[in-house]
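For reference, the structure discussed in these notes is given below.
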Amino acid sequence: MKTYPFLLDKLLREFSFDFVMGQISEDYKLLNADLLQSFPNKCVNYVLFVYDIMKCKHLIGIQHTNKVVIVSSSSQWRVHEFLHSDISHSFVNVLVVTQSDKIVSENECFTSFIFKNKRNLDNEGDASWDGVEVRLIKLIGTIFNFTTDFREANEINTLGQSEAVIKQIIQRKANLGIGGIYVTDETISKVEMSQPYTQDCAAFISLTSTAMPRWRAIMGPFHWTVWLILTLVYLLAIFPLSFSDRHSLKYLFRTPEEMENMFWYVFGTFTNCFTFKGKRSWTQSHKYATRILIGFYWIFTIIITSCYTGSIIAFVTLPTIPETTDTAQQFLSGHYQIGTLDKGGWQHWFNDTTDPVTQKLLKNLDLVPTVEDGLKNTTKAFFWPYAFLGSKAQLNYIVRTSFTTKNKRALLHIAKECFVPFGVSIIFNKNENYREIVNKGLLRAVESGFLVKFTHDVEWDMIRSSTGRLLQANSGGSLKILIEDRALTLKDTEGMFLLLGFGIILGGISLLTEWLGGCFNLCRRRRLSTSSLSSNPFSFDDLTPREKIDSIASLHYREENLTDKKHEKLNTEEMEDKITDYDIKECFDKILNFSEKLDGFNDKEKSNEEGSKCDTKVIKIGIK
């Protein structure tokens, strides 16, 4: 009780039968002796939680009719010892629950191969049938002494397998119906159904790649988050390095070409190109802060480049297994087009669902006539991915027998998630007296393990390759491919060429925009110089061509007058500049010499006239 408190609490709360609980001491003695009392006309069962499984006989004694369930934490060898000892013979009906030494896959627990197949023709020319359900019916017939005759239902191509079998039973053309018929409300309302003896799933099948595309190998060594952080680091590293050298960032914005030079230097460190030296670059700095930053930045770059170059070899040579699509949410996120059969109930089974993911996923359902057509659409999808919804057992069988993964870069993948579980049973007419007999035979066959045996036998007999090995179909496990030593091919290196082509395309686009920009500017200048207006001058605010000519002429006349005035002013200034102090002195010397000559003449009038003329010249010169 102390070891399993939560387990017992949950078990006893949900237990629908009357029970009496007791406790076992450490020396394996029953503290509540009332548990061993017999109850008349009542069936008593025991559930024991013990450490040592060998002590069970001392607790409840010999039980010939009552059922005993033993839950023990004993080791495997201790459990096997108990089962082989005489102590276990004290319990006729016993079930031991303990830790298993084998790990069973969840998919294998629910795997079912529910199909019928025409093997060959018998002596009378009729087709012989085989399959899990066929072998179950034959086993039950052998036990309860009845014979069987298997016939194919009519109208399978138009109604579907399940609907065609149900129609044959309703028309009383057959006593039993098999063929992987699901237990649904619609089927139960039409015919009688046995207890479900196995389980099948409605599952999606889609096309998945065996490896990631080779062009993505160059991005493979790093996750997208690493690429984002690296880009930010290489862009933002410009500023601390520049600030440590100049103690300011103004010159980066005043001279943007320096920012470009520094960007290429920072990018060059990632590509091991350390020889770049820009104008006024901080790479020439002699400051210790800048040198320390560059040193640690260089170490960081060496580690990053080493990680990348060490991993790119593996990503190029060995393909990466992509993630598979296994859940309905993944199909919805991947924008898959879903297809299913247009018959057999698949077209309307999911119309009444309340799950929002299922409603969105099956909103635009593509209906196809056969499963083969659905698989064909899955393999031939081009613009958007396609997934087919159908029986997991039937899809598994068709993929194994009809498709091969040899030399394929993609294969059909059956989703791991069971989209909708369905119970599979046998159908018969309403109120048939052999219903209980068939149910009892099915329960015995399932409990004794015959269903598992028939499943393995059918796999071995009908789903083998030409070499005798079982065919492969991926249904949730990891995808495996053959790895061999070989030389790199063009597909392996296509990522590098695509990267180079992408750069060439970007360069071409840049060149085209520059060329178109020059053409646009030239056309714009021509358009502005040759633009004309309508003949109606009053409908526009601009001048007419005649008015433009007159205005240009008036402007030209004004410019000529201004230039003439400027020339006159310049001549006057030049003349003033030419009259220097030396010219004035020379003029006065000539006047003095002339006056001395006048004194030598007797005629005073002539001298006075000449003097007056000279005075006039002197005055004129002075005025100028």
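The values are calculated or read from the model by the stated rules, or taken from the named source; none is laboratory data. In this text the structure is predicted, and so the values were computed from the model without any measurement. Neighbour counts are summed over all protein chains in view; Cβ atoms, including those assigned to glycine, are modelled from backbone coordinates with ideal geometry.
Give the residue that is surrounded by the fewest Cβ atoms within 10 Å (Cβ to Cβ), with candidates limited to residues of segment 362-377 that are of a type outside the set (D, E, K, R) and assigned to a loop (DSSP other than H, G, I, E, B).
Asn364
In this structure, does Ala393 turn out to be among the small types (Gly, Ala, Ser) and within 28 Å of Tyr197 (Cα to Cα)? Even if it seems obvious, please write down each step before you answer.
Details: among the small types (Gly, Ala, Ser): yes; within 28 Å of Tyr197 (Cα to Cα): yes.
Here the answer is yes, as Ala393 does meet what is asked.
Yes/no per residue for (1) in contact with an Asp or Glu (Cβ under 9 Å, 6 or more places away or on another chain); (2) at pLDDT below 85; (3) among the basic types (Lys, Arg); (4) under 25 Å from Gln329 (Cβ atoms):
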| residue | (1), (2), (3), (4) |
| --- | --- |
| Thr401 | no, yes, no, no |
| Ile427 | yes, no, no, no |
| Glu459 | no, yes, no, no |
| Ser475 | no, yes, no, yes |
Does Leu389 satisfy being surrounded by 15 or more Cβ atoms within 10 Å (Cβ to Cβ), closer than 30 Å to Thr187 by Cα and touching a strand residue (DSSP E or B) at 6+ places or on another chain (Cβ under 8 Å)? yes
The conditions are (1) in a helix (DSSP H, G or I); (2) under 26 Å from Ile169 (Cα atoms), and Val452 fails exactly one of them. Which is it? (2)
State the number of residues belonging to segment 63-83 that are more than 50 Å from the chain's Cα centre (by Cα), of a type in the set (A, V, I, L, M) and buried (at least 16 other Cβ atoms within 10 Å of the Cβ). 1
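State yes or no: is Thr340 hydroxyl-bearing (Ser, Thr, Tyr) and modelled with pLDDT of 90 or more?
yes
Which of the residues spanning segment 168-183 are touching a helix residue (DSSP H, G or I) at 6+ places or on another chain (Cβ under 9 Å) and either assigned to a loop (DSSP other than H, G, I, E, B) or over 21 Å from Thr340 (Cβ atoms) (or both)? Break it down into steps so the answer makes sense when it comes.
Taking segment 168-183 as the starting set, the residues that turn out to be touching a helix residue (DSSP H, G or I) at 6+ places or on another chain (Cβ under 9 Å) are 169-170, 173-182.
Of everything in segment 168-183, those that are touching a helix residue (DSSP H, G or I) at 6+ places or on another chain (Cβ under 9 Å) and either assigned to a loop (DSSP other than H, G, I, E, B) or over 21 Å from Thr340 (Cβ atoms) (or both) turn out to be Ile169, Ile170, Lys173, Ala174, Asn175, Leu176, Gly177, Ile178.
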Residue match in segment 378-389 (condition: under 23 Å from Tyr182 (Cα atoms) and charged (D, E, K, R)): no
Identity of the residue in segment 84-107, surrounded by fewer than 10 Cβ atoms within 10 Å (Cβ to Cβ) and within 20 Å of Lys453 (Cβ to Cβ), that ends up modelled with the highest pLDDT: Ser100
Give the residue that is surrounded by the most Cβ atoms within 10 Å (Cβ to Cβ), with candidates limited to residues of segment 188-217 that are modelled with pLDDT of 70 or more and part of a helix (DSSP H, G or I). Lys190
